[in-house]
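Reading through the structure tokens given below for one structure.
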Amino acid sequence: MSLNLGILLALACAVATQLGFLYKHKGANDAPQVDICHPLRSAKQLYSCKWFAIGMAVASGAWFFHVAALAFAPLSVVQAVLSTGVVILAVLAERIFGFQVGMRQWIGVGMTALGLILLVITLPATHGAHSTYSLVGMITFEGGMLAIGALLISGPHIGAPDHHHGVMLGAAAGVLFGVSDVAIKALTGLGGALEILGSPWLAVTVLASVVAFYASARGLQDGEAVPVIAATSTAANVSCILGGIVVFGDPMPGDTLGIAIQAFAFILVVSAALVTPPPVRAAQANAV
């Protein structure tokens, strides 16, 4: 019963997350460009835009659904449901928000969705909330993911093409959201409020979430909605699936076929980023 409830909460989170991203994209492009050197001013300017504020409210609801889902189901199961988000994104963007989702973008979304589905269905079944973790694995994983997020954020400064910056920021935000989600999963296994408040993983959750907020907002300003949001969702999903394996000991396939399918799934996800056209300036994109 608790597993089914976790799945339903994760599905609600998937829908609300993509809806919130699309509202935030519209609002972010009505606001001045995010300047990380002036974080408070940038945050105030973003929240002063009605659509961004609505998007954050919807995203906050999605966050509560996500935390609740993690309390009832294993991390890998939650991510299996959240992996449907890239398809939900494309449908909402085209049918409700009026974005033109081109054929190559649909192909990229389809490849991403298939890769994520193959990845999660090859994970062996787990039972219970599965929130106990390896401390060494936790420190290693979270530190490595934070480094990857920082590398993606600094893309243009290390020679990456400027026209990919929006997608790279979206991917960075997704990685950092993954860092936060893995820390939250660890917190769900603690005994009470005092133990949670005294945990270093609460600080990791807050830090990763704040940096991800600014990276996501700037990415939505610099890039086209569907590629940037899809990059965020995919990076978050893959990060959490890896976190489930590395940190919480979620089992991997025990046979050669399962491992081969997982390798193919990762290749699909990476290839999807190459198939999807580079983002154009968000101001040129269609909006509601």
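The values are calculated or read from the model by the stated rules, or taken from the named source; none is laboratory data. This is a predicted model, so every value here is computed, not measured. Backbone-built Cβ (ideal geometry, glycine too); neighbour counts: all protein chains shown.
Brief remarks follow.
- If you go through the range 137-150 and keep only what is surrounded by fewer than 18 Cβ atoms within 10 Å (Cβ to Cβ) and either of a type in the set (Asp, Glu) or at pLDDT below 90 (or both), you end up with just Gly137.
- The conditions of being within 28 Å of Thr122 (Cα to Cα) and in a helix (DSSP H, G or I) are met by Leu257.
- Some residue of the range 156-167 being of a type outside the set (D, E, K, R), touching a helix residue (DSSP H, G or I) at 6+ places or on another chain (Cβ under 9 Å) and at pLDDT 85 or above: yes
- Candidate set: the range 183-202, residues that are of a type in the set (A, V, I, L, M, F, W, C) and at pLDDT 90 or above; chosen: the one farthest from Leu135 (Cα to Cα): Leu202
- Of all residues in the range 176-228, those satisfying the criterion of being among the hydroxyl-bearing types (Ser, Thr, Tyr) and surrounded by fewer than 24 Cβ atoms within 10 Å (Cβ to Cβ) are Thr188, Ser199, Thr205, Ser209, Tyr214.
- Complete set of residues in the range 214-259 that are touching an Asp or Glu at 6+ places or on another chain (Cβ under 9 Å) and among the aliphatic types (A, V, I, L, M): Val226, Val228, Ala236, Ile241, Val247
- His130 vs. criteria at pLDDT below 80 and in a helix (DSSP H, G or I): no
- Test: residue in the range 105-123 that is assigned to a helix (DSSP H, G or I), over 20 Å from the mean Cα position of the chain (by Cα) and at pLDDT below 80: no
- Only a single item in (1) touching a Gly at 6+ places or on another chain (Cβ under 7 Å); (2) outside any helix (DSSP H, G or I) is not met by Ala231, and it is number (2).
- Helices (runs of 4 or more DSSP H) wholly inside the range 27-99 that include at least 1 residues being surrounded by fewer than 22 Cβ atoms within 10 Å (Cβ to Cβ) and among the β-branched types (Val, Ile, Thr): 50-72, 75-82, 85-95
- Failed item in (1) part of a helix (DSSP H, G or I); (2) touching a residue at least 12 places away in the same chain (Cβ under 8 Å), with Glu195 passing the rest: (2)
- Any hit, the range 9-23, residues being within 13 Å of Ser216 (Cα to Cα), surrounded by fewer than 16 Cβ atoms within 10 Å (Cβ to Cβ) and either in contact (Cβ under 8 Å) with a residue 40 or more places away in the chain or β-branched (Val, Ile, Thr) (or both): no
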